[in-house]
Amino acid sequence: MKGEGEAGGVMDRHQVRLRVNGTEHELLVEARRTLADMLRHDLGYTGTNVGCEHGICGACTVRLDDAPVRSCLVFGVQADGAEVRTVEGLADGDDLSDLQQAFRDHHAMRVLHAWLPDAGRGIFCRTRARPTCAPARRAAARGG
């Protein structure tokens, strides 16, 4: 579908269907919009952060069909038909996961993560506040 852009140019928009943290979504997305921007601005999943916009920092990491990807480097249209899991997907309703609670308790900032459903394995983090990250990871590995 073609539409007119803000500057009078032509925008290419595509219908995208995907499941985010178990919830089905269908939306019209510009071809150039990143998955990170689509998740944050169009769908409201603000746990996906954009740091460097080059894929280096990992703040935008999500799981796309169970593979970790840097969502600032993936176009939203590439997620059509996919299952996406964001950091919000770790929570059980209003209850934070052990990993989320540990990061909250220790005031740790998530900059790089390659998380798995069980928080005790596969957790990597690199932060500006590294002294708070290590205790958060240890607490998450202990289950709180």
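The values are calculated or read from the model by the stated rules, or taken from the named source; none is laboratory data. Source: prediction; values computed, not measured. Methodologically, a virtual Cβ is constructed for each residue, glycine included, from the backbone with ideal geometry; neighbour enumeration extends over all protein chains shown.
Which members of segment 92-112 meet the condition of being of a type in the set (A, V, I, L, M, F, W, C), in contact with a helix residue (DSSP H, G or I) (Cβ under 9 Å, 6 or more places away or on another chain) and modelled with pLDDT under 80?
Passing the criteria: L99, A102, F103, A108, M109, V111.
What's the number of the only condition in (1) at pLDDT 65 or above; (2) of a type in the set (A, V, I, L, M, F, W, C); (3) out of contact with any helix residue (DSSP H, G or I) (no Cβ under 6 Å at 6 or more places or on another chain) that W115 fails to meet?
The single condition W115 does not satisfy is (1).
Quick check on segment 67-108: of everything there that is touching a Cys at 6+ places or on another chain (Cβ under 6 Å) and of a type in the set (A, V, I, L, M, F, W, C), which residue is nearest to D37 (Cα to Cα)?
Only one residue tops the list, namely C72.
Would you call R32 of a type in the set (K, R), part of a loop (DSSP other than H, G, I, E, B) and either out of contact with any Asp or Glu (no Cβ under 8 Å at 6 or more places or on another chain) or modelled with pLDDT of 95 or more (or both)?
yes
Which residues, counting only those in segment 19-29, are in contact with a helix residue (DSSP H, G or I) (Cβ under 8 Å, 6 or more places away or on another chain) and either without any contact (Cβ under 8 Å) to a residue 24 or more places away in the chain or assigned to a strand (DSSP E or B) (or both)?
V20, L27, V29
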